[in-house]
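The values are calculated or read from the model by the stated rules, or taken from the named source; none is laboratory data. What you see is a predicted model; the values in this text were computed from it and never measured. Quick reminder, even Gly has a Cβ in these numbers, built from the backbone with ideal geometry, and neighbours come from all protein chains shown. Ligands, DNA and RNA are excluded from the accessible area calculation, which covers all protein heavy atoms including side chains. Shrake-Rupley method; radii C 1.70, N 1.55, O 1.52, S 1.80 Å.
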Amino acid sequence: MSKRPFVIFGIVAIVCLVVLPFWALAKQGSSDASPEGSVPAGDRQGLELFQINCGACHTLAAAGTDGLVGPNLDERFGTGPKSSLQKSTYTTVLTTIQNGLRGRMPKGIVQGAQARAVAKFVADNVQYIPGP
């Protein structure tokens, strides 16, 4: 019987059990790569609330979230000039948080000042793409 399959298995096992974990632990991300590094101080509360309460459902690049159920908010709100969309985005997001959306999103996930902080964070940090 050939020893070649055992040698190949041994090499793969060493790579998987030693090299990959060592590389993953040694790899350090920069603070510039984190969402917190690019968000203004006034939006930090909104960022944290968004990540905790909204990020599981919604994708938003500035929050570093990849939601699974709800719409991608960069795509939903980010087409057109920022100056004309920012206020309407804030109003739409706040209204949706307060009232829900036809059974697809429950109302009142966050309330009051927290709802306003999340809406402001989204409106301020959506990746606006200039429209045609």
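A few comments on the model shown:
- Within region 57-74, the residues that satisfy the criterion of being out of contact with any helix residue (DSSP H, G or I) (no Cβ under 7 Å at 6 or more places or on another chain) and touching a residue at least 12 places away in the same chain (Cβ under 8 Å) are Cys57, Gly67, Leu68, Val69, Gly70, Pro71, Asn72.
- Odd one out for Arg4, checked against (1) within 30 Å of Ala113 (Cα to Cα); (2) at pLDDT 85 or above: (1)
- Subset tally (residues that are under 10 Å from Val122 (Cβ atoms) and in a loop (DSSP other than H, G, I, E, B)) for region 46-59: 2
- Qualifying residue in region 30-52 (condition: charged (D, E, K, R), under 30 Å from Pro106 (Cβ atoms), modelled with pLDDT under 75 and under 15 Å from the mean Cα position of the chain (by Cα)): yes
- All positions within region 113-132 that are free of Cβ contacts under 8 Å to residues at least 12 places away in the same chain and closer than 21 Å to Val39 by Cβ: Ala113
- The helices (runs of 4 or more DSSP H) found wholly in region 73-132 and carrying at least 3 residues that are surrounded by 16 or more Cβ atoms within 10 Å (Cβ to Cβ) and of a type outside the set (A, V, I, L, M, F, W, C) occupy 82-99, 112-125.
- Residues (surrounded by 16 or more Cβ atoms within 10 Å (Cβ to Cβ) and free of Cβ contacts under 8 Å to residues at least 24 places away in the same chain) located in region 39-56: Glu48, Gln51, Gly55
- Condition check for Ala62: part of a helix (DSSP H, G or I), open to solvent by less than 80 Å² (accessible area, probe 1.4 Å) and either at pLDDT below 75 or not aliphatic (A, V, I, L, M) (or both): no
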